[in-house]
Amino acid sequence: MISNPIPWPNGAKCAACLTFDMDADSLIHVDHPNDGHRRVSAISMLRYGPTVAIPRIVETYRRLGLRQTFFIPAWCMEQYPEAVEAILSGGNEIAHHSYIHENPVAQTRADEAHWLDAGLEVHLRMTGRRPRGWRAPLYNFSADSLDLLLERGFHYDASLMGDDIPYVIESRANGGRLIEMPSHWGMDDWPQYVQSMDLNYMMPIRAPRHGFEIFRQEFEIAKLYGALWVPVIHPFATGRLARWHVFAEFLEAQLKTGEVWFAPLEEIAAYVKGLIDKGLHTPRIEKLPQYAEPIGRVLPRASPR
């Protein structure tokens with residue numbers, strides 16, 4: 001069912017990376033710029049991520065010998081340096097996820113570039129290296145995002161939903177290319193576990209094992225067909241005690257099989273690029289942006305009755 005399968009290393013049946021977006025309370029301050037600081041309960045819910053969940057998650061990875069990827073807004077890195085230190089001490093990847101979870105689609109090119117650079121400065125100062133990957137806040141990859149990422153030397157993006165395996169996104173402006181590490185809303189934990197009036201997101205919360213079922217089924221099919229399995233999860237939600245217990249059980253069981261390649265996204269992207277460069281894999285290529293102008297302007301108008 002995958003026409004151009006990727007030969008994963010050591011005969012692995014699929015590649016996998018649990019990607020945590022550690023947005024912390026940036027979400028409250030962006031959504032409520034005038035009174036976010038007064039929403040104490042909502043802030044406590046989101047601060048649970050860096051203060052309680054991150055140490056728990058990192059300890060699980062240490063125990064299992066795993067290294068994975070964390071996407072963190074730069075403002076959150078500055079607010080929670082202990083969480084950054086814990087993630088890095090485990091050999092995990094920290095990738096770019098905006099400055100304070102601002103929306104690139106709503107920005108001018110100059111503003112998007114400014115905040116991308118502001119985040120890069122924080123990464124360099126706190127991690128000692130430039131991030132290899134980027135994920136747009138709330139998947140809001142703009143028509144300018146690819147060119148801005150290429151100009152700054154990024155290796156991969158993880159914002160788009162256009163395939164079941166890594167593919168190539170190519171700039172219409174200059175032909176530059178990045179490796180795209182796709183996921184989709186079906187592997188995001190917000191519809192399963194998040195309910196917050198302050199964030200205007202009210203979903204029927206699933207029991208931990210019930211909520212995990214969608215991730216498990218996606219994983220089983222990824223493993224069957226050799227796909228890429230990239231959950232998009234959040235420490236304040238999936239890092240809660242019972243939910244993370246279920247995820248940790250799953251990880252331990254899968255690691256024992258030796259059939260899955262768990263790795264940080266930067267390593268998976270580098271491996272795929274290496275295959276492409278050697279002519280060992282032919283990726284699907286998507287040129288971006290897909291459209292140069294609003295399509296609504298060219299639609300025929302309805303005839304008057």
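Look at the dipole of the chain built from charges on Cβ: of Ala222, Ile100, Met203, the Cα furthest out on the positive end belongs to Ala222.
Projected over all directions and averaged, the alpha-carbon convex hull of the chain occupies 18.8 nm². Among the trypsin sites (Lys or Arg not before Pro) in the stretch 53-137, those placed in a DSSP loop whose Cβ has at most 12 other Cβ atoms within 10 Å are Arg129.
Tell me, what is the per residue accessible area of the chain in Å², probe radius 1.4 Å? Mind dumping the intermediate values first?
On the way: 14420 Å² over 305 residues.
Ligands and nucleic acids excluded, the result is 47 Å² per residue.
What's the local net charge at Gly211, with K and R +1, D and E -1, over the other residues with C-beta under 13 Å away? Around Gly211, the surrounding residues sum to +1.
With only Lys, Arg, Asp and Glu charged, each at its Cβ (+1 for the first two, -1 for the last two), find how big the charge dipole of the stretch 174-305 is about the Cα centre; round to the nearest 20 debye. Please report the intermediate quantities before stating the final value.
Values: 15 positive and 15 negative charges, 108 e Å.
Computed charge dipole of the stretch 174-305: roughly 520 debye.
Between the amide H of Asp188 and those of Val232, distances stay under 5 Å, these residues lying 5 or more places away or on another chain, with hydrogens modeled in the peptide plane. Shown is the FRET efficiency for Glu252 and Ile2, computed with R0 = 25 Å from the Cβ-Cβ distance and rounded to the nearest 0.05: 0.35.
Would the stretch 166-305 count as rounded, prolate or oblate if I go by the C-alpha gyration tensor, calling it rounded below 1.5 in a/c and otherwise prolate when a/b exceeds b/c, oblate otherwise?
Working: a/c = 2.52, a/b = 1.19, b/c = 2.12.
The shape class here is oblate.
Cα gyration tensor of the stretch 28-175, axes a ≥ b ≥ c as square roots of the eigenvalues: rounded (a/c below 1.5), prolate (a/b > b/c) or oblate? Since a/c reaches 1.5 but b/c is at least a/b, the shape of the stretch 28-175 is classed as oblate.
Surface composition of the chain: carbon and sulfur make up 52 percent of the accessible area, probe 1.4 Å. Annotation: amide H-H contacts under 5 Å for Lys287 (H modelled 1.01 Å from N, sequence separation of 5 or more, or interchain): Glu170. Mind grabbing the accessible area of Lys287 for me, 1.4 Å probe, Å², rounded to tens? About 100 Å², ignoring ligands and nucleic acids.
Suppose every Lys and Arg Cβ carries +1 and every Asp and Glu Cβ carries -1, with no other charges. What dipole size does the chain come out with about its Cα centre, to the nearest 20 debye? Write out the running numbers ahead of the final one.
Values: 31 positive and 37 negative charges, 104 e Å.
Dipole of the chain, to the nearest 20 debye: 500 debye.
Per-residue 3J(HN,Hα) values for the stretch 104-117, derived from phi via the Karplus relation 6.51 cos²θ - 1.76 cosθ + 1.60 with θ = phi - 60°, read x, 5, 8, 9, 6, 4, 5, 5, 4, 5, 4, 6, 4, 5 Hz in sequence order (x marks Gly and Pro). With the cut-off at 1.5 for a/c, could you classify the stretch 114-179 from its C-alpha gyration tensor as rounded, prolate or oblate? It is prolate, given that a/c is not under 1.5 and a/b is the larger ratio. The loop-placed chymotrypsin sites (Phe, Trp or Tyr not before Pro) in the stretch 229-258, going by DSSP, include none that has at most 10 neighbouring Cβ atoms within 10 Å of its Cβ. Each residue of the stretch 275-286 was assigned a 3J(HN,Hα) from its phi angle through the Karplus expression (A = 6.51, B = -1.76, C = 1.60, θ = phi - 60°), giving 4, 5, 4, 8, x, 9, 8, 9, x, 7, 10, 10 Hz with x at Gly and Pro. When the charge dipole of the stretch 218-302 is built from unit charges on Cβ atoms (+1 for Lys and Arg, -1 for Asp and Glu) and taken about the Cα centre, the candidate among Gly296, Ile285, Pro264 whose Cα reaches farthest toward its positive end is Gly296. Taking the charge dipole of the chain about its Cα centre, with +1 at Lys and Arg Cβ atoms and -1 at Asp and Glu Cβ atoms, the residue from Thr127, Ile54, Pro7 reaching farthest to the positive side is Pro7.
When the solvent-accessible surface of protein heavy atoms is calculated with a 1.4 angstrom probe, in what order do Met197, Met22 fall, highest first? Please report the intermediate quantities before stating the final value.
Numbers: Met197 160, Met22 0 Å².
Ranked from most to least accessible, the order is Met197, Met22.
Only protein heavy atoms count here; under a 1.4 Å probe, Val298 has an accessible surface of about 90 Å². Taking all Cα pairs closer than 8 Å and separated by 6 or more residues, the relative contact order of the chain comes to 27 percent. Let me have the relative contact order for the stretch 181-249, percent, based on Cα pairs under 8 Å that are six or more residues apart. So the answer I get is 39 percent.
The values are calculated or read from the model by the stated rules, or taken from the named source; none is laboratory data. Since the structure is predicted, the reported quantities are computational estimates derived from the model, not experimental observations. Quick reminder, even Gly has a Cβ in these numbers, built from the backbone with ideal geometry, and neighbours come from all protein chains shown. The area values use the complete protein model at the heavy-atom level, side chains included, leaving out ligands, DNA and RNA. Shrake-Rupley method; radii C 1.70, N 1.55, O 1.52, S 1.80 Å.
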